[in-house]
Amino acid sequence: MIAADAVREAVRNSGRSMISISVSMGVNANYVAKLVARGGSPKVDTIASIAEECGYRLAMVPEAEVSESDIVIDGRKSKI
C-alpha cells in the first residue's frame with residue numbers, strides 16, 4: 001500500500017479522528033485529512049508522528065518477519 005493509505009489505516013485502527021490526531025500533533029486541524037486526500041508520499045518523520053498518535057511505531061523489519069497485522073508501505077508502489 002502507499003504511504004497515504006497506511007496513514008488512513010492507522011488512523012482508522014486507532015479509533016481517533018484525523019482532526020484529533022492533527023490537533024495532538026500541534027498542526028492545522030485538517031492536516032492529516034489533507035495529507036491522506038493528496039495521496040503520495042509524506043516525509044518519514046511525518047508518518048512516524050502520525051503513527052505514534054495512532055498507537056503505532058514506525059519501524060523497519062526484515063521482510064520475512066512482517067506479519068499479517070502489520071501495516072506495510074510498499075515503496076515499489078509509491079510515487080517517486
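The values are calculated or read from the model by the stated rules, or taken from the named source; none is laboratory data. Note that this is a predicted model, so its numbers are computed, not measured. Here the Cβ is made from the backbone with ideal geometry for all residues, glycine too, and neighbour counts use every protein chain on show. Just so you know, the surface numbers come from the protein's heavy atoms only, side chains and all, with ligands and any DNA or RNA stripped out. Shrake-Rupley method; radii C 1.70, N 1.55, O 1.52, S 1.80 Å.
Remarks
- Looking only at residues of the range 20-36 that are of a type in the set (G, A, S), part of a helix (DSSP H, G or I) and in contact with a helix residue (DSSP H, G or I) (Cβ under 8 Å, 6 or more places away or on another chain), we find that the one that is farthest from E9 (Cα to Cα) is S24.
- Odd one out for S69 among (1) open to solvent by less than 80 Å² (accessible area, probe 1.4 Å); (2) modelled with pLDDT under 90; (3) not charged (D, E, K, R): (1)
- Some residue of the range 51-74 being touching a residue at least 12 places away in the same chain (Cβ under 8 Å), of a type outside the set (D, E) and outside any loop (DSSP other than H, G, I, E, B): yes
- Among the residues of this structure, R38 counts as one that is open to solvent by 80 Å² or more (accessible area, probe 1.4 Å) and either of a type in the set (F, W, Y) or in contact (Cβ under 8 Å) with a residue 24 or more places away in the chain (or both).
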